[in-house]
Amino acid sequence: MAHYDIVIRNGTIVDGARHPRYRGDVGVKDGVITRMGRIPAGEGEREIDASGLVVAPGFIDLHTHYDAQVFWDPYLTTSGWNGVTSVVIGNCGFGFAPTRKDLRQRAMQSMTKVESIPMATLEAALPWDWETYPEMLDSIDRAPKAVNLLPYMGVNPLLIWVMGLEDAKAGRKPTDAEHEEMARLLHEAMDAGACGWSSQTLGAIGDPSVETAGGAAQSDFDGTPMPSDVMWPETQLVLAKVLGDRGEGFIELSGAVLPNEHWEQLAELSGAPIIYQALPASGNMFELREQLFAWFQSCHERGLRIYGQGITQNPPLVFTFDYWDLWGDVWNEFAGPDVPREKKLANFADPAVREKLKAEPLKHGFIGAVDEAIVETTKSPENKRFEGRSLAEIAEAEGKHVVDAICDIVVADQLDTIFQVSQFDMTLEGIKHLIDNPYIIPGLSDGGAHLKYLAAGSYATEYISRYVRDHAFTTLEEAHWRLSALPAFCAGFRDRGVLREGAAADIVVYDYERLDYEFPNFRHDLPGDEYRIASAGTGYRYVLVNGAITIEDDQQTDVYSGALLRGGQR
């Protein structure tokens, strides 16, 4: 008689708790790990031979925007194809609840702008069978899922619901009664299953005339700051106190403009972990990271749990000019996402437009500039010789200005040229700098966002295959603690992140030597007849979510055993 639903035999167990790896068996029953060690033969209804494979806890991604994608993609890909078994949604203060019926379209417009999710996809896929936050969680609960979800309450919809759109956008200071209502609604959301609250706060207090620190890329669809960008510090303190009163939850905050003292006050008042967004592995940011590292250490020495979220992965941004919005206002004016296709082609061919583009600075920095872009794939035969070369190299070889080079290529290919460009000036030294610091949580995949040029949900695959196996920046034991146990601790997961008896059976079984991920590729699989890029993992022999196999030999099994983790538990 089988005592276990699944027995994983003879694997190299890396338990996520920093214990030394060892060879052993894992027995799973009713979605829970019920035995670890040696298990007699024949006691599993299904027996998995993990000889030569690593058995470890599933990865936990604290920074995603799958709030909409959960309604059409149970695997939450790219994440679900890369060993991620739990994600946190509702980051950066964005979300779809609470939202009154007359503001649904505007909520989608905001998400389309700031997170680059196609409007046609949102309109086709969102069921909108909710107004309140608890109603939205019920809707997510009903959706089939192959990955677990834990939800933040985003500050933006909360501000708009309580204050009204115009006042929230204007940055009016909330009244005491409005603050009380925000606290009540956050309590209600936490009762329904929220894990805390999130915010992007990158503007000036109460002043929407000031551009956000993130520039146009982080602005609302109409070019103005988001309500959270102009919110008052007192509002954040009110929300922090809710977590302190409850003794649960955590906070995600993109707020580099906020003074350290404010962060510390939030941590003191809430008693909760706070996730500081975000630290890129840029080669020119070493001194800034060192200052933040010293502050993180000082906070922890005083008992304040402030962690940095590190961008520890380096996938390229892959795009065509069908959708590209990261080279500044002039490029967006003539070739941005809102410009019709035929007009873009006419603009690229127009000498007057080219002169305006030439006058735009190349803007070397966080996103690779025009001359740094590499031609990945071309359509026309005459452009094939440019594949794999940067636009700077092409321009020099052709004796052209770089703008003329890119315009000629794009016109000849009728907008179908595929380019790649780096993000955040990433360097190996910068990535190691983040990996070496104990207060940095890896990842920031932005899964579910920027679908037409970013596929970073493979961050954990990259972390192990590149920075553990290929570069030996850290040990496998430390890597799995950082990828699973540390984020589980911050998120308040009760029974995930570590392999132990009694824990939920969220498990990855992978071939260490074969672990890898695809170069991001285009897939035409979104609702609304839209496309995206994605990157599947390889080397994943099995992925278990709540004790059921969701991935086998890198392929979906179409088993939807994921759950909405209300309050961090199933």
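The values are calculated or read from the model by the stated rules, or taken from the named source; none is laboratory data. If you're wondering where the values come from, they're calculated on a predicted model, not measured in any experiment. Here the Cβ positions follow ideal geometry from the backbone for every residue, glycine too, while neighbour counts run over all protein chains shown.
Between PHE489, PHE493, PHE522, the distinction of being modelled with pLDDT under 95, among the aromatic types (Phe, Trp, Tyr) and under 19 Å from the mean Cα position of the chain (by Cα) belongs to PHE493 only. Among the residues of the stretch 511-532, those that are in contact with a helix residue (DSSP H, G or I) (Cβ under 8 Å, 6 or more places away or on another chain), not in a loop (DSSP other than H, G, I, E, B) and not hydrophobic (A, V, I, L, M, F, W, C) comprise ASP516, TYR517, GLU530. Here the stretch 269-316 is the region considered, the condition is being among the aliphatic types (A, V, I, L, M) and under 14 Å from the mean Cα position of the chain (by Cα), and the residue that is surrounded by the fewest Cβ atoms within 10 Å (Cβ to Cβ) is ALA278. Of the residues VAL411, VAL402, VAL370, VAL375, the single one that is within 18 Å of ASP325 (Cα to Cα), modelled with pLDDT of 95 or more and not small (Gly, Ala, Ser) is VAL375.
Check whether at least one residue in the stretch 61-79 is within 13 Å of ILE507 (Cα to Cα) and assigned to a loop (DSSP other than H, G, I, E, B), and report yes or no. Scanning the stretch 61-79, I find no residue that is within 13 Å of ILE507 (Cα to Cα) and assigned to a loop (DSSP other than H, G, I, E, B), so the answer is no.
Look at SER390 and say whether it is surrounded by fewer than 16 Cβ atoms within 10 Å (Cβ to Cβ) and at pLDDT 95 or above. When the stated conditions are applied, SER390 does not pass them.
Residues of the stretch 533-559 that are more than 21 Å from the chain's Cα centre (by Cα), part of a loop (DSSP other than H, G, I, E, B) and farther than 14 Å from ALA504 by Cα: GLY539, ASP553, ASP554, THR557, ASP558, VAL559. Scanning the stretch 13-31 for residues that are surrounded by fewer than 18 Cβ atoms within 10 Å (Cβ to Cβ) and assigned to a strand (DSSP E or B) yields a count of 2. Listed by first and then second residue, the pairs with beta-carbon distance under 6 Å, at least 6 apart or on different chains, first residue in the stretch 435-451 and more than 23 Å from SER298 (Cβ to Cβ), second charged (D, E, K, R), are GLY443/ASP61; SER445/ASP61; ALA449/GLU115; LEU451/ARG532.
Tell me which residues, restricted to the stretch 299-314, are outside any loop (DSSP other than H, G, I, E, B) and either touching a helix residue (DSSP H, G or I) at 6+ places or on another chain (Cβ under 9 Å) or within 23 Å of TYR467 (Cβ to Cβ) (or both). Break it down stepwise before answering.
Going residue by residue through the stretch 299-314, those that are outside any loop (DSSP other than H, G, I, E, B) are 299-301, 306-311.
Answer for the stretch 299-314, where residues must be outside any loop (DSSP other than H, G, I, E, B) and either touching a helix residue (DSSP H, G or I) at 6+ places or on another chain (Cβ under 9 Å) or within 23 Å of TYR467 (Cβ to Cβ) (or both): CYS299, ILE306, TYR307, GLY308, GLN309, GLY310, ILE311.
SER198 falls short on exactly one of the conditions (1) under 25 Å from GLU234 (Cα atoms); (2) of a type in the set (Ser, Thr, Tyr); (3) touching a Leu at 6+ places or on another chain (Cβ under 6 Å), and that condition is (3).
A Cβ distance below 6 Å, combined with a sequence gap of six or more or placement on separate chains, defines the contacts here; from the stretch 235-247, residues that are more than 18 Å from LEU258 (Cα to Cα) reach residues that are of a type in the set (Ser, Thr, Tyr) and in a helix (DSSP H, G or I) in the pairs LEU243/SER270; GLY244/SER270. For ARG500, state whether it is surrounded by fewer than 22 Cβ atoms within 10 Å (Cβ to Cβ), farther than 19 Å from PRO315 by Cβ, at pLDDT below 95 and of a type in the set (D, E, K, R). So ARG500 fails the test.
If only residues of the stretch 318-347 that are assigned to a loop (DSSP other than H, G, I, E, B) and small (Gly, Ala, Ser) are counted, the one that is farthest from SER390 (Cα to Cα) is GLY336. Screening SER198 against (1) among the small types (Gly, Ala, Ser); (2) surrounded by fewer than 24 Cβ atoms within 10 Å (Cβ to Cβ); (3) not in a helix (DSSP H, G or I) leaves a single unmet condition, (2). Taken together, VAL230, VAL210 contain a single residue that is modelled with pLDDT of 95 or more, in the same structural domain as MET108 (by TED's automatic domain parsing), of a type in the set (A, V, I, L, M, F, W, C) and under 25 Å from THR112 (Cα atoms), which is VAL230.
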